[in-house]
1. Among B:Gln110, B:Gln187, B:Gln148, determine the one that fluctuates most according to a GNM of chain B built with springs between C-alpha atoms less than 10 Å apart.
2. What do you get for the angle between helix A:62-82 and the principal long axis of chain A? Use alpha-carbon atoms, 0 to 90 degrees, nearest ten.
3. Measure off 7 Å from each Cα along the Cα-to-Cβ vector at B:Tyr56 and B:Glu186, then give the distance between these two points in nanometres to one decimal.
4. Which angle between 0 and 90 degrees, to the nearest 10, do you get for helix A:91-108 versus the longest principal axis of chain A when only C-alpha atoms count?
5. For the pair B:Asp64 and A:Thr123, how long in nm is the line joining their label points, each one 7 Å along Cα→Cβ?
6. Relative contact order for chain A using alpha-carbon pairs under 8 Å, separation at least 6, rounded to a whole percent?
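Just so it is clear, none of the values below were taken in a lab; they were calculated from the coordinates. Just so we're clear, the structure is a prediction, and the values are computed from it rather than from any experiment. In this analysis, Cβ positions are derived from the backbone assuming ideal geometry, glycine residues included, and neighbour counts consider all displayed protein chains.
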Protein chains: 2
Amino acid sequence: MPTSTAKSPATKRGRPGYDQESVLSIAVSVFNKHGYDATSMGTLAENLGISKSAIYHHVPSKGDLLRLALDEALIPLEAIVEDERATIGTAEQRLEFFLRSTIQVLVKRQQYVTLLLRLRGNTEIERDALDRRRAVDRRVSDLVVEAQQEGSLRADIDPRTATRLLFGTINSLVEWFREGGPVSAEQVEEHAITMMFDGLHGGKR
Amino acid sequence: MPTSTAKSPATKRGRPGYDQESVLSIAVSVFNKHGYDATSMGTLAENLGISKSAIYHHVPSKGDLLRLALDEALIPLEAIVEDERATIGTAEQRLEFFLRSTIQVLVKRQQYVTLLLRLRGNTEIERDALDRRRAVDRRVSDLVVEAQQEGSLRADIDPRTATRLLFGTINSLVEWFREGGPVSAEQVEEHAITMMFDGLHGGKR
């Protein structure tokens, strides 16, 4: 799916038919299929149908491809923290905003988030990305604590455990949700929010 | 952690200090760290501190190691379906039994389940394991439908989506739960069951 919206200088150096964005999109799907460690620049070149040296027109190294791909997931996740709506209302409302926004990013940037979630932390680039991911997770954990303190959420669940279970619920989306499948992105968001706040029994919402 | 409980003939062919079970345990941790595809028999030999040919005393191939490691997760998961308690009581009770038992297997067989959950389906062995995993998942989906029909669970959530979200919640345990950490296996089981049935708001339980 080549597009022409990328604005970085690297795009201009790309071969006709590929800009950095489409190289990135194909690279991330190859990383997800075979694992980042197991993917060589040769495998990438094969999947792109171009020579290894042509890839180097787009990015200097496999690590740079990884970093750019992870930014596609991390930048929008970090933007949630900065969003004005993450700062107004009760802690419960802010938590709901945060969880809904996270689901939306996961659905829209599915393959990039998949890559992020599968990182093993074997390299410096991976560890940096995991640190940034953990900083976002911590915001959710803080909101759970705040919502418990304001009395809008049950207080008998350890907030760190609750946060991890919430991300478990949400993050699983990247493994099975398919755009255009039987359940729409909006429905999945509603179902997930309902399950996380009220569970299978349903509640007071 | 060498043990001497394995009874297969392969064990007897093992080198002193290693039986098949300990080879398997080390192999699965290497697979989880580097990815199955990216792990060569040479890397395994290095981690085991034995020669490649010594590994072949234990198993004929890397694929066999994978198959044996996946059985360590799949056999106890499949045993839940066969358990008498999965067949008595209301659908809601049977679902709770199923989810609790799954959590217990995940905690006890953490590294083997991690391997199972990270499979990409690149080989026949992986695809077979994924088929067996899906058969277990289907049992849970059937129980959700049954519990909705008996009126014990809310009926406004698509059962397949609910099932996937439930497994998302549970499966995340393998990524972060640590035996001996601040939250015990029993507490995690209780927290997860509470969240899945009643959510953050808490309910009628």
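1. Per the Cα network of chain B with a 10 Å cutoff, B:Gln187 tops the list.
2. Computed tilt is about 30 degrees.
3. 5.0 nm
4. So the helix axis and the longest Cα principal axis differ by about 30 degrees.
5. Label at B:Asp64, label at A:Thr123, 3.5 nm between them.
6. Over chain A, the number comes to 18 percent.
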